[in-house]
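Report on the following structure.
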Amino acid sequence: MELDKFDRRILEILQQEGRISNNDLADRIGLSPSSCLRRMRALDESGLVVGYHALLDARRMGLSLMALVHISMDRHTPDRFDRFETTIGDLPEVLECLLITGQEADYQVKVIVRDMDDYQDLLLNKITRIEGVTGVHSSFVLRRVVYKTALPVQGGEADAPGANT
């Protein structure tokens, strides 16, 4: 799907304000409400928009300890990785799991829990018991410096400032 400047602007605004009304969105980007709605439906149907979510305040939810966990596996086989990924994905404390290169670890997992006791339980009773896990290295987040959920929505040459339209 090719995106024009209106599509890109819709995506930018939706990433920041997922609950914006169609009328407000149409006003902000300079389209009629019906045209804006057609474009939003096309973006949804294209698969570019994969969902609408509420972002919760972790501290207010009682979750104050975030850790990045590097995990090493004993064997690098598809079966071993599949089982690990299925198991780790079922843990509610896991926010993100990345298969990585360039480190001694195979995975980087971002987890969030209430406190160190909960982290110890997660680590010793769940993560290290996953078949194939041979090494775990934890780093604790002191402060979140940058946090974004919005992807950059790049424009084409025709939409650049000063371009002929």
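What the table below lists for this structure:
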read-out	value
GNM result for the chain, Cα springs below 10 Å: residue of Ser35, Ser138, Ser64 fluctuating most strongly	Ser35
Within the chain: Cβ-based charge dipole about Cα centre, in debye rounded to nearest 20 (Lys, Arg +1; Asp, Glu -1)	440 debye
Summed residue charge, Cβ within 13 Å of Asp74's Cβ, Lys/Arg positive, Asp/Glu negative	0
Along the chain, longest interval not containing exposed GluC sites (Glu not before Pro), exposed being DSSP loop plus at most 13 other Cβ atoms within 10 Å	18-103
Pairwise centroid distance, computed over Cα atoms, of the stretch 1-31 with the stretch 106-151, Å	35 Å
The stretch 60-165 - percent of accessible surface contributed by carbon and sulfur, probe 1.4 Å	50 percent
Cα gyration tensor, the stretch 72-159 - rounded (a/c under 1.5), prolate or oblate	oblate
Selection from Val153, Leu95, Ile130, by position along the positive dipole direction of the stretch 20-165 (Cβ)	Val153
Whole-number accessible area per residue in Å² for the stretch 1-56, which is evaluated in the context of all protein chains at 1.4 Å	70 Å²
Within the chain, longest stretch clear of exposed chymotrypsin sites (Phe, Trp or Tyr not before Pro) (DSSP loop, no more than 10 other Cβ within 10 Å)	53-146
Net +/- balance of residues flanking Val109 in space, Cβ distance below 12 Å, scoring K and R +1, D and E -1	-2
Average accessible surface area per residue within the stretch 68-110, 1.4 Å rolling probe, Å²	61 Å²
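The values are calculated or read from the model by the stated rules, or taken from the named source; none is laboratory data. Owing to the predicted nature of the structure, the values given are computational and were not obtained by experimental measurement. Reconstructed Cβ throughout: ideal geometry from the backbone, glycine too, with neighbour counts over all protein chains shown. To get the accessible areas, we keep the full protein, side chains included, count just its heavy atoms, and leave off ligands, DNA and RNA. Shrake-Rupley method; radii C 1.70, N 1.55, O 1.52, S 1.80 Å.
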